[in-house]
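For reference, the structure discussed in these notes is given below.
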Amino acid sequence: MKKSILFLAIVSLILTTSCKENTEATKETNTTKSNVDLSVGQEGVQDEVSNPNIVQVASGSKDHTTLVAAIKAAGLVTSLSNAGPFTVFAPTNAAFDKLPAGTVDGLLKPEKKADLENILGYHTYVGNLKAEYMQDGQEFDMVYGGKVKITKQGDKTFVNGSEIVASIPTSNGIIHVIGDVLLPK
């Protein structure tokens, strides 16, 4: 009987010590988790394996530096880095150069942020619009209001009269490269 009591005492001591160690390990894990910087959004994720998102692809294009500057000035980096899917009709630098002198510089000023958001929102659709599935005469409601109209001429697809010259799939949607800035009507 004494052996049974001694055995139970030893087992209880081991269990008590074991539970205490697990509780301390859990506290350490929870403390470590709370030290993670939660202020960084999806755009701050560093990932060398996954496909890049819309903002990452545009940032890597020498032809879209003005568009990327506009996205940053409008505060839309986080929005366009999120899961989506989004379709972005992406004007090239040459497209922005077609605007009257000083237009782009004026829009990049902080006091013009709302106007810039509207213009960029008019280039963005929530959903994945592949050019090969677009039909002549279709209209799509854009993020910040207004509709764009699709036209087809043979194998060419146009949005509001601007030809889609390239389509680039991304992890959160698709970019259609266009040669004009679309202005809300």
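Past 19 Å, Cα to Cα: identify those pairs from Lys72/Lys112; Lys72/Lys113; Lys98/Lys149, in the order given.
Lys98/Lys149
What translational D, rounded to a whole number of µm²/s, comes out for the range 134-185 from Stokes-Einstein when the hydrodynamic radius is the Kirkwood one over Cα pairs, at 4 °C and 1.567 mPa s?
The Stokes-Einstein estimate is 110 µm²/s.
Enumerate the amide H contacts of Leu99 below 5 Å, restricted to partners 5 or more residues apart or on another chain; note that Pro and chain-start residues carry no placed amide H.
none
Once you have the Cα-Cα distance between Lys98 and Ala114, take 0.36 nm times their residue separation minus that, and quote the gain in nm to one decimal.
My answer for the length gained is 3.6 nm.
Computed from the coordinates by the stated procedures, all read-outs in this text should not be read as laboratory data. Note that this is a predicted model, so its numbers are computed, not measured.
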